[in-house]
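All remarks here apply to the structure that follows.
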Amino acid sequence: MRFEGKTALVTGAARGIGRGIAMRFAEEGACVGVLDLDETACQTLVDEMLSTGGEAIALAADISQPAQVNSALEQLNARFGAVNVLVNNAAVMPAGAIHETSLDDFDRCVAVNLRGTVLVSRGVIPGMLALGEGSIIHIASVTGLLGLPGIAAYSMTKGALIALTRAMSTDYAARGIRTNSIAPGTIDSPMLHDFLAAQSDPDSLRQEFDGMHPIGRVGTIAEVANVCLFLASDEASFVTGANYTVDGGLSVKGEQPQD
């Protein structure tokens, strides 16, 4: 119960990695704001949390829209008070090299992955400053560190989140707010399943993904969520401005000379 009496807000929380993170916070005693564009999925997750004795609220919003973000945060603050922990997880991933990515897809990727992260962060930081403490975690990706083909816009935004982590840590560390990021490798999640389903040979590609990681497999949602809870907890009280790669060694492999 590391987070009893704390309020955690997770964006993109209705499915995948965000859902796993939100569930872990609820299991450890936090009051959880479940924020996602999918209102039905939000409420389904909240109902599950409430049925097991947790405290949670469904917050349906498009995080790229300031008015919707402000409305969601007002609901959360009225219910549970100021946010202690923010996990910026919501993201979209258009496929394609830059010349193959439509401007609409590019703009939406930037709007959700970057603008949305900034809007939600701006909304919770004043409350954290008033509390004198807070933890903000950006869910980035190893694609923000490595040059991987076919996801240029997504990779750009994830690299920007790692840079934003460093900048925010210098701005707020002395004022009690720690900012860190997590860069997952390939994770067995709905996003991966959707991507594979659109390919001509999903089984073969899944085997390739497993083989890319020196540990011999893709990661699990729980493995990302556990690192997130560590960074949000007092156990990480001296950690800020860090990017944790949760990637089974993929980023290390990427730095090695290639034959």
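Does Gly18 qualify as being in a strand (DSSP E or B) and not charged (D, E, K, R)?
No; evaluated as a whole, the condition is false for this residue.
Within the bounds of segment 76-86, is there any residue that is under 19 Å from Lys158 (Cβ atoms), touching a residue at least 60 places away in the same chain (Cβ under 8 Å) and touching a Cys at 6+ places or on another chain (Cβ under 7 Å)?
Filtering segment 76-86 for residues under 19 Å from Lys158 (Cβ atoms) gives 86.
From the residues that got through so far, the ones that are touching a residue at least 60 places away in the same chain (Cβ under 8 Å) too are 86.
Those still in the list that are touching a Cys at 6+ places or on another chain (Cβ under 7 Å) too: none.
Taking every residue of segment 76-86 in turn, none turns out to be under 19 Å from Lys158 (Cβ atoms), touching a residue at least 60 places away in the same chain (Cβ under 8 Å) and touching a Cys at 6+ places or on another chain (Cβ under 7 Å).
For Thr245, only one of the following conditions fails: (1) in a helix (DSSP H, G or I); (2) surrounded by fewer than 21 Cβ atoms within 10 Å (Cβ to Cβ); (3) in contact (Cβ under 8 Å) with a residue 12 or more places away in the chain; (4) touching a strand residue (DSSP E or B) at 6+ places or on another chain (Cβ under 9 Å). What is its number?
(1)
Residues in segment 21-52 that are assigned to a helix (DSSP H, G or I) and out of contact with any Gly (no Cβ under 7 Å at 6 or more places or on another chain): how many? Don't jump to the end; show me each part of the working.
Start the filter on segment 21-52 by keeping residues that are assigned to a helix (DSSP H, G or I), which leaves 21-27, 39-51.
Next, only the ones that are out of contact with any Gly (no Cβ under 7 Å at 6 or more places or on another chain) stay: 21-25, 27, 39-51.
Of the residues in segment 21-52, 19 are assigned to a helix (DSSP H, G or I) and out of contact with any Gly (no Cβ under 7 Å at 6 or more places or on another chain).
Run down Ile57, Ile21, Ile63 and say which single residue is closer than 19 Å to Ile221 by Cα, open to solvent by less than 70 Å² (accessible area, probe 1.4 Å) and in contact (Cβ under 8 Å) with a residue 12 or more places away in the chain.
So the residue among Ile57, Ile21, Ile63 that is closer than 19 Å to Ile221 by Cα, open to solvent by less than 70 Å² (accessible area, probe 1.4 Å) and in contact (Cβ under 8 Å) with a residue 12 or more places away in the chain is Ile21.
Condition first: at negative phi and part of a loop (DSSP other than H, G, I, E, B). Now tell me which residues in segment 142-162 satisfy that.
Residues of segment 142-162 at negative phi: 142-149, 151-162.
Those that are at negative phi and part of a loop (DSSP other than H, G, I, E, B): Leu145, Leu146, Gly147, Leu148, Pro149.
Pull up segment 27-42, narrow it to residues that are in contact with a strand residue (DSSP E or B) (Cβ under 6 Å, 6 or more places away or on another chain) and open to solvent by less than 80 Å² (accessible area, probe 1.4 Å), then point me to the one that is nearest to Val120 (Cα to Cα). Spell out how you get there, then give the answer.
The initial filter retains those residues of segment 27-42 that are in contact with a strand residue (DSSP E or B) (Cβ under 6 Å, 6 or more places away or on another chain), namely 30-35, 39, 42.
Cutting the leftovers down to open to solvent by less than 80 Å² (accessible area, probe 1.4 Å) gives us 30-35, 42.
Values: Ala30: 19, Cys31: 17, Val32: 15, Gly33: 12, Val34: 13, Leu35: 10, Cys42: 17 Å.
My answer is Leu35.
Filtering segment 70-126 down to residues that are of a type in the set (Ser, Thr, Tyr) and touching a helix residue (DSSP H, G or I) at 6+ places or on another chain (Cβ under 8 Å), which residue is farthest from Ile17 (Cα to Cα)?
Thr101
Among the candidates Leu196, Leu192, Leu161, which residue alone is in contact with a His (Cβ under 6 Å, 6 or more places away or on another chain) and open to solvent by less than 50 Å² (accessible area, probe 1.4 Å)?
From the options Leu196, Leu192, Leu161, the qualifying one is Leu161.
Name the residue, out of Arg166, Arg178, Arg217, that is in contact (Cβ under 8 Å) with a residue 60 or more places away in the chain, open to solvent by 30 Å² or more (accessible area, probe 1.4 Å), outside any helix (DSSP H, G or I) and on the phi < 0 side of the Ramachandran plot.
After applying the criteria, what remains is Arg178.
The values are calculated or read from the model by the stated rules, or taken from the named source; none is laboratory data. Just so we're clear, the structure is a prediction, and the values are computed from it rather than from any experiment. Every residue, glycine as well, gets a Cβ built from its backbone with ideal geometry; the counts of neighbours run over all protein chains shown. Only protein heavy atoms, including side chains, enter the accessible area calculation; ligands, DNA and RNA are left aside. Shrake-Rupley method; radii C 1.70, N 1.55, O 1.52, S 1.80 Å.
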